[in-house]
1. Placing +1 on the Cβ of each Lys and Arg and -1 on the Cβ of each Asp and Glu in the range 305-347, which of Asn324, Ile346, Pro313 has its Cα farthest towards the positive end of the resulting dipole?
2. Rounded, prolate or oblate: which fits the range 40-128, taking a ≥ b ≥ c as square roots of the Cα gyration tensor eigenvalues, rounded meaning a/c under 1.5, else prolate when a/b beats b/c?
3. Could you order peptides 236-242, 259-265 by the average number of other Cβ atoms within 10 Å of their residues, highest first?
4. What Kirkwood radius, in Å to one decimal, follows from the Cα pairs of the range 273-382?
5. Which net charge results for the neighbourhood of Ile197, defined as the other residues with beta-carbon distances under 9 angstrom from its beta-carbon, given Lys and Arg at +1 and Asp and Glu at -1?
6. Suppose every K and R has +1 on its Cβ and every D and E has -1 on its Cβ; what is the size of the dipole of the chain about the Cα centre, in Debye to the nearest 20?
7. Compute the relative contact order of the range 241-288 as a whole-number percentage, counting only Cα pairs closer than 8 Å that sit 6 or more residues apart in sequence.
8. Taking 7 Å along the Cα-to-C-beta vector as the label spot, tell me the Asp58-Arg156 distance in nanometres, rounded to one decimal.
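Nothing in this text is a laboratory measurement; each read-out follows from the coordinates by a stated rule. Remember, it's a predicted structure, so these values are computed and weren't measured experimentally. Every residue, glycine among them, receives a Cβ derived from its backbone with ideal geometry; neighbour counts consider all protein chains shown.
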Amino acid sequence: MNKIISIKGTLVILIILSWILLSCNPKSGGTTKSNISTSDKFEVSKGTNIGHWLSQSDRRGIEREEFFTKKDVQDIAKMGFDHIRLPIDEVQMWDENGKRHDDSFELLEKCINWCVESDLNVIVDLHILRSHYFNAKEKPLWTVPAEQEKFFDLWRDLSKTLKKYPNHVVAYELMNEAVADDHESWNKLVAKAHAAIRELEPERTIVIGSNRWQAVDTFDELKVPENDPNILLSFHFYEPFMLSHYKANWTFLKDYDGPVKYPGVILTKEKYDKIPADIKPELSRFVDVDFNKSVLFEMWQQPIEKAKKLGLPLYCGEFGIVVNVPEEDRLRWYKDMISLFEKSGIGYANWNYHSDNFGLIQGENRNNALISIVTNKDKSGR
């Protein structure tokens, strides 16, 4: 009789233990989020950028708080994304003396916490520095040693707040679209910034791109810190630029009034001969080039080969087509891009989530066709 009771007791204990284990398993439908994981590997597949919130925006106070909220994070997760890339600017996060703007750091933490709740990973991207804006003529970061030290200190300060998040949830992108006159200036800065972060966080994933706007054709010049498996290589892709920034009022293309299309030849020699002389040098590389899916993939080969050689994952942190392009052509380009990401196993984040020029959300309107393509729910392809 006592043996039967003992067996029953053991069975009860085993059942209770099994129930506890199942409830902690994210695949079982328990309450624990899948980001609470035994794996420490940061992985991203498909995401979107949260620009014009803590970066490239004059919004402050309530207006900034209401521009991007917990509901947006929940909607991004429902769309099917697994991460966000979160640009932040020095001017938004710190004053000129390096003192924190507490309200900005509060929003940064809130956003990451919302993402944890919605099973989204986060790449925190130090987007614009006071000493470096990718389109500025003067960039003191490359010429003033004190500005470089300040850059390292910004990351040291960010680490104080962000190191509490698991390595598989949050990654650090050193800087967005470095533009140095010579590639070695960027390589040296990467090495020093990498070392500064590694002193504090040995296994945090660090996202590193190539010099000159993270372009694909400068990847051969990028020197990646050696023997570090926790690096994610990143490129940006807005090619053909004549298509992606068609009539964009912040570029030289604002004055181009000819048609564009995709796929196909965007600019014939006949059309090229008739355009204003001052923009001809910028457009000569597009003359009689037949842009299509195969050509786009061929343009990616430098970063692909670099990633293979180093045994590191590859990521496209920005890509997009401005809304000025005819809708059918835009969507064909996006379909080809997503198809190539899937084919090559490259993670990506489109530019941008909420934007009048590139957004999945434009004002109060959702571009459902684009959302379906970028989240890869549209499998029609071509």
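1. Pro313
2. Because a/c hits 1.5 or more and a/b exceeds b/c, the range 40-128 counts as prolate.
3. Put in order of decreasing packing, that is 236-242, 259-265.
4. 15.8 Å
5. +1
6. The calculation lands at about 1480 debye.
7. Once normalised by length, the contact order is 34 percent.
8. Distance between label points: 3.5 nm.
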